[in-house]
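Report on one structure; see the data block that follows.
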């Protein structure tokens with residue numbers, strides 16, 4: 001059997017942990033498993049590298065930042081391979097470039113374009129365990145690029161897709177939970193979740209899986225298993241939806257505290273000026289979400305939308321450009337917000353979820369600002385001070 005396994009930063013955070021993973025891989029190798037192992041940088045080493053970069057230069061070149069950040073995973077692959085050699089196991093470490101992972105897009109947040117897995121396959125056929133640096137690849141001109149947050153998950157699923165096998169993601173949690181256990185102690189572990197639900201939960205704030213990794217899993221039908229490293233506790237399978245999943249109206253609740261609501265008032269009511277606003281936001285790569293509009297007579301309107309709070313400086317840059325063309329607009333920001341989202345493919349065949357949540361908010365005296373829906377989710381922005389009250393009430397109501 002061939003499998004791609006991925007071990008996150010906490011799983012390889014110390015030399016002792018790396019040795020333990022090597023022992024585990026030896027046992028799998030001894031029973032005939034063909035192993036490709038994708039690893040992250042040790043512990044918080046990527047954060048340390050980024051900190052050094054910004055101590056050198058307040059605005060480091062993104063190309064050089066990628067070059068620097070990619071070294072964290074390269075340390076791990078070498079150390080894990082050495083640990084396997086010490087156990088008498090034939091293994092080889094490969095960078096993203098050596099593993100044939102080509103990328104496209106911007107430095108520090110590139111996307112995988114394709115994988116030429118010939119070298120990986122050749123080493124597997126020669127009986128080696130192949131250890132691959134996650135989070136990285138190389139672009140069309142041969143520069144090292146990185147894939148952004150959760151990029152090692154994406155590397156692992158993409159390799160599994162190219163090799164035609166399933167993917168196992170090992171981390172510091174037991175699997176996917178209905179609610180983040182740190183926010184709701186009674187949260188239940190989910191045995192099976194659909195690709196669609198996992199993508200929606202990831203998009204809406206759940207941090208266990210990177211959404212692009214799940215997208216790749218769905219596109220190439222790669223079953224993904226998420227579990228705690230070196231644990232016998234059963235994890236969660238991310239797979240195609242089935243009838244059993246559809247019996248659950250709500251599968252999970254995502255919580256996103258990286259939320260800012262922006263208001264732009266006194267906008268001339270014409271398509272050109274509205275287009276200008278979103279073009280400038282797009283130029284600054286502001287991720288706009290939850291858009292609403294209020295028409296104030298025939299000539300003027302107000303817009304409000306959410307975006308990540310971490311992009312506030314990008315938003316400010318865009319507003320500076322917009323005001324050169326629309327000097328009469330008024331801008332406001334609200335940052336002490338949380339977005340909570342209910343996700344479940346069962347919502348496609350069950351109505352009334354929104355009404356239940358509105359009733360909960362009324363009973364608990366929780367003010368909400370915006371609501372958006374998709375086929376399988378409903379999201380609300382509320383004041384951060386009401387987060388715990390809202391999460392507990394919704395989780396209890398839907399037995400999450």
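The values are calculated or read from the model by the stated rules, or taken from the named source; none is laboratory data. All values derive from a computational prediction rather than experimental measurement. Note that we place each Cβ from the backbone using ideal geometry, even for glycine, and neighbour counts take in every protein chain shown.
Kindly indicate whether any position in the range 45-66 is within 20 Å of residue 88 (Cβ to Cβ) and assigned to a helix (DSSP H, G or I).
Looking for residues that are within 20 Å of residue 88 (Cβ to Cβ) and assigned to a helix (DSSP H, G or I), one finds none in the range 45-66, hence no.
Against the condition at pLDDT 95 or above, surrounded by fewer than 18 Cβ atoms within 10 Å (Cβ to Cβ) and in a loop (DSSP other than H, G, I, E, B), how does residue 75 come out, does it pass?
It is false that residue 75 is at pLDDT 95 or above, surrounded by fewer than 18 Cβ atoms within 10 Å (Cβ to Cβ) and in a loop (DSSP other than H, G, I, E, B).
I'd like to check which strands (runs of 3 or more DSSP E) are fully inside the range 260-317 and have at least 2 residues that are in contact with a strand residue (DSSP E or B) (Cβ under 8 Å, 6 or more places away or on another chain), touching a residue at least 60 places away in the same chain (Cβ under 8 Å) and over 24 Å from residue 377 (Cβ atoms).
260-268
Can you tell me which residues in the range 345-367 are out of contact with any helix residue (DSSP H, G or I) (no Cβ under 6 Å at 6 or more places or on another chain) and either closer than 19 Å to residue 195 by Cβ or touching a residue at least 12 places away in the same chain (Cβ under 8 Å) (or both)?
Across the range 345-367, the qualifying residues are 348, 349, 350, 354, 356, 357, 361, 363, 367.
Going by the structure shown, is residue 50 modelled with pLDDT of 95 or more and either buried (at least 17 other Cβ atoms within 10 Å of the Cβ) or under 25 Å from residue 108 (Cβ atoms) (or both)?
The answer is no for residue 50.
Out of the range 354-400, which residues are part of a loop (DSSP other than H, G, I, E, B) and either in contact with a strand residue (DSSP E or B) (Cβ under 6 Å, 6 or more places away or on another chain) or buried (at least 17 other Cβ atoms within 10 Å of the Cβ) (or both)?
Within the range 354-400, 366, 376, 398, 400 qualify.
Which one of the conditions (1) surrounded by 17 or more Cβ atoms within 10 Å (Cβ to Cβ); (2) closer than 18 Å to residue 161 by Cβ does residue 240 fail to meet, given that it meets all the rest?
All conditions are met except number (1).
Counting only residues that are within 26 Å of the chain's Cα centre (by Cα) and in a loop (DSSP other than H, G, I, E, B), how many does the range 338-353 have?
So the answer is 1.
Give the number of residues within the range 18-69 that are under 25 Å from residue 138 (Cα atoms) and over 27 Å from the mean Cα position of the chain (by Cα).
Residues in the range 18-69 being under 25 Å from residue 138 (Cα atoms) and over 27 Å from the mean Cα position of the chain (by Cα): 2 in total.
Report yes if some residue within the range 210-218 is in a loop (DSSP other than H, G, I, E, B) and either closer than 14 Å to residue 345 by Cβ or touching a strand residue (DSSP E or B) at 6+ places or on another chain (Cβ under 8 Å) (or both); otherwise report no.
Among the residues of the range 210-218, not one is in a loop (DSSP other than H, G, I, E, B) and either closer than 14 Å to residue 345 by Cβ or touching a strand residue (DSSP E or B) at 6+ places or on another chain (Cβ under 8 Å) (or both), which makes the answer no.
Can we say residue 80 is surrounded by fewer than 18 Cβ atoms within 10 Å (Cβ to Cβ), in contact with a helix residue (DSSP H, G or I) (Cβ under 6 Å, 6 or more places away or on another chain), within 21 Å of residue 30 (Cβ to Cβ) and modelled with pLDDT of 95 or more?
The answer is no for residue 80.
Just to be sure before I move on: is residue 255 farther than 22 Å from residue 295 by Cβ, touching a strand residue (DSSP E or B) at 6+ places or on another chain (Cβ under 6 Å) and crowded, with 21+ Cβ neighbours inside 10 Å in the structure I sent?
So residue 255 fits the description; yes.
Restricting to the range 145-164, and then to whatever is part of a loop (DSSP other than H, G, I, E, B) and out of contact with any helix residue (DSSP H, G or I) (no Cβ under 6 Å at 6 or more places or on another chain), can you tell me which residue is nearest to residue 105 (Cα to Cα)?
Per the stated criteria, the residue is 148.
So which residues in the range 280-298 are over 25 Å from the mean Cα position of the chain (by Cα) and surrounded by fewer than 17 Cβ atoms within 10 Å (Cβ to Cβ), if there are any at all?
Passing the criteria: 292, 293, 294, 295, 296, 297, 298.
Please work out which residue is farthest from residue 163 (Cα to Cα), limiting yourself to the range 83-97 and to residues that are without any contact (Cβ under 8 Å) to a residue 40 or more places away in the chain and surrounded by 16 or more Cβ atoms within 10 Å (Cβ to Cβ).
Only one residue fits best here, namely 92.
Of 41, 22, which residue is crowded, with 22+ Cβ neighbours inside 10 Å, at pLDDT 95 or above and not in a strand (DSSP E or B)?
Being crowded, with 22+ Cβ neighbours inside 10 Å, at pLDDT 95 or above and not in a strand (DSSP E or B) holds for just one of 41, 22, which is 22.
For the range 197-208, state whether one or more residues are modelled with pLDDT of 90 or more, more than 24 Å from residue 349 (Cα to Cα), in a loop (DSSP other than H, G, I, E, B) and out of contact with any strand residue (DSSP E or B) (no Cβ under 6 Å at 6 or more places or on another chain).
no
Regarding residue 240, is this residue out of contact with any strand residue (DSSP E or B) (no Cβ under 9 Å at 6 or more places or on another chain) and either closer than 30 Å to residue 398 by Cβ or modelled with pLDDT of 90 or more (or both)?
No; evaluated as a whole, the condition is false for this residue.
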